[in-house]
Amino acid sequence: MDERLVIAASAQEAAKLAASGAGYLAGGTELNRLGSPLHYQRLVSISRVAELRGVEAGDGEVLIGATTSFQEALQSELVPAYLKEALLFMGSRTKRNMATVGGNVAAWRDDSYLAATLLAVGASIELMNESGATRRLSVAEWAQTQPEHRLVRRVIVPADPGWVTSKRYANTMESLSYLVVSLCLHDGAARVALTVKGVGAFVSPELSDAASRGAGEDELVELAYGLDATIPSDMYGSERYKRYLAGVTLARMLEDAGRDDAR
Ligand SMILES: Cc1cc2nc3c(=O)[nH]c(=O)nc-3n(C[C@H](O)[C@H](O)[C@H](O)COP(=O)(O)OP(=O)(O)OC[C@H]3O[C@@H](n4cnc5c(N)ncnc54)[C@H](O)[C@@H]3O)c2cc1C
């Protein structure tokens, strides 16, 4: 039960208020979702903090303020097309108007819309602590550590990481996804990230190496069968089916990249 709401006027104030254990109320689409596992005694609203909103161009990168909504990011000319592809995985426009990019990264769900794409391109986040100090860490580090109660200030993505594509599998556009596959190709090197429901989001070194070598479908499927992850068989399909889908999807992506002459 969320019992008390405090409205922060600045990012530092928010980080200070939350340091003792409160949650951040951004778009509220996860916090207020029926069945959400997230519950806090105290919430700090960050939606009025101007410095947390908006998109800026950096040196070869794009800095997205944490409370920028999915829809605002989609409408920004600065946000790269590969990220827009992933932002559009959130099919409902109403939800896109509310949900924030920072909230999505902070929640880091095992069916996250953005996690696989952010991992594939080597994105970073900027965190702020209660004294206002900021530090940057890769999304891969974030995936492993997720320091509690730290304010995500910005999500930072490369402007042009190479050829990037992501594919999401769900029963319908509005259903939870059971698999997201993301591929980033740059100068012949590939990084492959997966988000698997029941497992989470991770980079696969095996699939990345194979994709870098231009491996074919059979090899990619074999490698996906052998991935070291406990993938559940559930209403969306068997474990074997999901592994097969990951391998085949990657093979199709590599074919598309070849057609686009990206490698
Ligand atoms: C029907 C439905 C289906 C959904 N399906 C999916 C789905 O398939 N995939 C998916 O990824 N999400 C899904 N969501 C969840 C949600 O819409 C998104 O994850 C959204 O991006 C969360 O952003 P928000 O701003 O609404 O976060 P909030 O609900 O405001 O916050 C979520 C969490 O993030 C923390 N947080 C928020 N902002 C920050 C910040 N700046 N710094 C640190 N912590 C912060 C909060 O403390 C809280 O723990 C679904 C929601 C609904 C209602």
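The values are calculated or read from the model by the stated rules, or taken from the named source; none is laboratory data. These numbers come from a predicted model, not from an experiment. Glycine gets a Cβ as well: all are built from the backbone with ideal geometry, and neighbour counts include every protein chain shown. Accessible surface is based on the protein model in full, side chains and every heavy atom, while ligands, DNA and RNA are left aside. Shrake-Rupley method; radii C 1.70, N 1.55, O 1.52, S 1.80 Å.
I'm checking my understanding of the structure. Among residues of the range 148-190 that are part of a strand (DSSP E or B) and open to solvent by 40 Å² or more (accessible area, probe 1.4 Å), which one is nearest to the ligand (Cβ to nearest atom)?
It comes out as 153.
Given the criteria surrounded by 12 or more Cβ atoms within 10 Å (Cβ to Cβ) and either near the ligand (Cβ under 9 Å from one of its atoms) or of a type in the set (Asp, Glu) (or both), does residue 43 qualify?
In short, yes.
Can you tell me which residue is farthest from residue 127 (Cα to Cα) among those in the range 93-107 that are within 8 Å of the ligand (Cβ to nearest atom) and open to solvent by 20 Å² or more (accessible area, probe 1.4 Å)?
Looking at residues that are within 8 Å of the ligand (Cβ to nearest atom) and open to solvent by 20 Å² or more (accessible area, probe 1.4 Å), I get 95.
Yes or no, residue by residue, for (1) at pLDDT 95 or above; (2) open to solvent by less than 10 Å² (accessible area, probe 1.4 Å):
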position: 231; (1), (2): yes, no
position: 235; (1), (2): no, no
position: 251; (1), (2): yes, yes
position: 260; (1), (2): no, no
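Go through (1) within 15 Å of the ligand (Cβ to nearest atom); (2) part of a strand (DSSP E or B) one by one and return the number of the condition residue 56 breaks.
Residue 56 satisfies every listed condition except (1).
Limited to the range 46-79, what total is found for residues that are in contact with a helix residue (DSSP H, G or I) (Cβ under 9 Å, 6 or more places away or on another chain), surrounded by fewer than 17 Cβ atoms within 10 Å (Cβ to Cβ) and within 15 Å of residue 154 (Cα to Cα)?
Counting residues in the range 46-79 that are in contact with a helix residue (DSSP H, G or I) (Cβ under 9 Å, 6 or more places away or on another chain), surrounded by fewer than 17 Cβ atoms within 10 Å (Cβ to Cβ) and within 15 Å of residue 154 (Cα to Cα) gives 2.
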